[in-house]
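Values in this text are rule-based calculations from the coordinates and carry no lab data. Everything numeric here is computed off the predicted structure, so don't read it as measured data. Cβ atoms come from the backbone with ideal geometry, glycine included; neighbour counts cover every protein chain shown.
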Amino acid sequence: MTIEDALTTRIQRAVAALFPAMATTRVEIRPSIKPEFGDLSSPVALPLAKQARRSPLDVAQQLRAALQPSLPTYVRDTTVTPPGFINFFIDAALYAGLLCQEILEAGERYGRAATPIPQKIVVEHTNINSNKAAHVGHLRNACLGDTVVRILRANGYTVEAQNYIDDTGVQVADVIVGFRYLGKTYDGSLPFDFFCSQIYTEVQRAYQAQPALLDYRRQVLRDIEDRTSDIARFAKELSTKIVTRHIETMSRVNINYDLLTWESDILALGFWKHAFDLLTARHLLEHPTEGELAGCWVVPFGDGNVTTTDGQQRNSDKVLVKSDGVVTYTGKDLAYQMWKFGLLDLDFGYRLWATQLNGLSLWTTTHDPTQRPPRQFGHANRVVNVIDARQAYPQEVVYETLRRLGYSEQAEQSTHLSYQVVALSAGAAEALGVPVEPGKMTYAFSGRQGIEVKADELLDMAAQRLSQHLSAQRSEGRSKSTDERIAERLAVGAVRYYLLKFNLQQIIPFDFDDALRNTGDTGIYLQYAYARACNILERTGRAPEANQPATLCSQDKNLGDIGGIPRLLVEEVQERRGLLRHRANPRCGSPPAT
RNA sequence: GCCCCGAUAGCUCAGUGGAUAGAGCGUCAGCCUCCGGAGCUGAAGGUCGCACGUUCGAAUCGUGUUCGGGGCGCCA
């Protein structure tokens with residue numbers, strides 16, 4: 001029990017006793033701003049006084065008196081100061097001793113939920129098209145997703161991390177065009193995914209010069225539909241090799257998954273057809289015979305036809321099946337979302353993909369449903385989709401359609417964990433040869449144009465710089481391979497921290513110097529502090545004891561931070577800003593009458 | 001046209017109703033024969049885009065507005 005928790009609970013009790021009508025008032029408690037206001041202060045009397053129409057000072061005094069008998073031993077004194085704050089003076093040495101005891105007892109489980117929550121949450125993240133190397137934008141997604149998984153698990157939820165493989169889209173077809181029609185062959189001089197990134201860019205350029213190549217792409221897409229075709233086999237082999245590389249990259253930063261879900265399996269096993277039948281049975285789709293969307297299957301949505309600022313005609317209804325009969329990404333995503341909740345009477349086949357660095361098995365879906373899994377996948381109570389902010393609209397279409405199908409509970413339990421993209425800072429853009437305009441702060445990545453920073457490149461650069469730093473130090477008998485291992489670990493910390501320290505709604509202006517910095521507010525600082533702490537413990541030659549640190553760190557103002565860690569983890573999930581908050585989009589408030 | 005996001009120190013960002021708005025980087029001045037200088041101490045630097053409103057109290061909530069980014073695709 002942290003100081004803040006202990007005091008909050010007691011204040012809540014006092015409020016309930018004195019002001020029963022306002023028992024639900026949110027009790028806030030925070031570090032005091034001045035030493036004469038004690039160590040912790042609460043403004044709780046202020047809103048209470050407002051509602052009760054009494055003097056805030058009186059209310060605070062009354063609360064203080066009511067609290068007095070029940071305060072923990074480490075509270076030395078309490079005061080009330082204008083305009084109505086209640087201040088608590090903490091005996092740091094006493095508290096430090098108690099806190100240390102608590103931490104030593106909990107060990108590595110400190111801060112984690114003591115009891116499991118009987119709820120399953122599926123977290124979908126990473127989701128890289130299987131045609132090219134992962135870049136830093138993908139890395140932001142994966143770091144966020146993996147962190148969400150860890151926080152939810154720490155809170156006691158059963159969590160399943162799924163990585164969705166979009167292996168049936170045009171991007172894969174583009175690379176096949178490069179291999180089959182531009183005569184590209186892989187010579188092993190680059191990692192396979194880097195090589196495919198290069199081909200992808202070259203093919204985009206080739207389309208401009210030889211528009212006839214687009215016909216080849218259409219043919220490739222048709223051929224992929226037939227699973228037995230040579231092209232389909234080639235596509236699967238290509239995607240498998242790329243995904244293998246993605247997993248290798250992510251395992252470098254200690255990101256692991258439970259299941260790879262393949263879009264091609266969703267199609268092959270009839271998930272989409274099943275979802276489509278449900279939609280049409282409930283008359284939720286339109287099938288216009290004329291106009292722009294003639295021949296498509298459409299879910300009516302938003303405002304219908306609009307003229308955009310640039311004068312173009314657009315339609316905010318969402319096409320789920322194109323006029324040529326091919327299902328769109330949003331359609332497939334809807335079927336996938338339904339499967340996650342166990343709403344389809346269908347299941348994938350499964351087989352073991354690999355054993356990961358964390359020791360856990362990674363499973364993959366297959367299109368052979370007779371291959372049974374070791375445990376049940378999907379069937380979630382709640383689903384969190386880590387997807388960038390540009391996809392807010394199609395995500396809302398998925399959730400709203402779920403609701404229209406009658407699954408409003410599941411729609412409510414669906415979260416689009418929306419985050420902004422990574423873009424190049426002006427400096428980084430210039431370094432990559434992008435023309436820089438005065439006054440323009442960020443520049444979008446473009447895989448098509450080959451303007452990007454690959455995840456492995458960034459990690460390699462970070463590791464190399466850190467390795468140089470290490471070799472410049474007195475090595476004290478450290479081997480070169482040890483240096484490299486340390487550099488890799490530090491690089492991972494630096495990159496993960498950099499990608500996580502920004503607010504979700506903030507575009508990260510990617511800057512090489514910033515991302516690779518090894519001083520100040522960085523992951524490396526944390527790792528350094530940890531190493532020093534371990535070193536101190538090692539030198540003392542004995543394990544920490546509950547009664548020792550009380551004198552060691554009695555003056556440390558960071559005690560409250562350490563004691564606050566458990567609450568921090570819980571708040572990430574439960575509070576207003578929590579990860580599981582359902583983010584509703586106002587535009588979806590009024591579905592059109594159908 | 002409609003919707004979403006951003007705007008806080010020279011730069012990059014924290015801070016979702018409480019007391020005197022914080023950090024890193026950069027700048028300047030200090031600190032290496034007890035803990036790892038990837039560090040520590042201090043200084044300078046801010047009408048929180050703008051206006052009005054709600055409130056005892058607003059960077060925070062509301063309305064309007066300016067600038068920047070994104071979305072409204074038979075792309076994914």
Rg (one decimal) and Dmax (whole number) from the Cα set of chain A, in Å, equal 28.2, 85
Length gained if A:Gln505 through A:Ala533 is fully extended, taking 0.36 nm per residue and subtracting the Cα-Cα distance, is 6.6 nm
Calc'd 3J(HN,Hα), the range A:48-55, phi into Karplus 6.51 cos²θ - 1.76 cosθ + 1.60 (θ = phi - 60°), Hz, glycine/Pro = x, comes to 5, 4, 4, 5, 7, 6, 10, 5
With +1 at each Lys and Arg Cβ and -1 at each Asp and Glu Cβ, the charge dipole magnitude of the range A:236-343 around its Cα centre, to the nearest 20 debye, comes out at 400
Cross-link reach from A:Lys322 to lysines, straight Cα distance under 17 Å and at least 8 residues apart if same chain, gives A:Lys273, A:Lys332
Projecting the Cα atoms of A:Ser251, A:Asn87, A:Ala232 onto the charge dipole of chain A, where Lys and Arg contribute +1 and Asp and Glu -1 at Cβ, the residue farthest towards the positive end is A:Asn87
Simple SL model, points at 7 angstrom along Cα→Cβ for A:Arg390 and A:Tyr186; separation in nm is 2.6
For the pair A:Thr24 and A:Asp230, the simple spin-label estimate (label points 7 Å beyond Cα toward Cβ) gives in nm 6.9
What the 10 Å binned alpha carbon P(r) of the range A:159-299 shows, as percent of pairs per bin from 0, is 10, 30, 32, 21, 7, 0
Of all trypsin sites (Lys or Arg not before Pro) in the range A:159-252, the ones in DSSP coil with at most 11 other Cβ atoms within 10 Å are none
For A:Lys132, the lysines lying under 18 Å Cα to Cα, once residues fewer than eight places off in the same chain are dropped, come out as A:Lys184, A:Lys236, A:Lys241, A:Lys454
Note, the range A:502-513: 3J(HN,Hα) by Karplus (6.51, -1.76, 1.60, θ = phi - 60°), whole Hz, Gly/Pro = x, goes 7, 4, 4, 8, 9, 5, 7, x, 4, 9, 4, 4
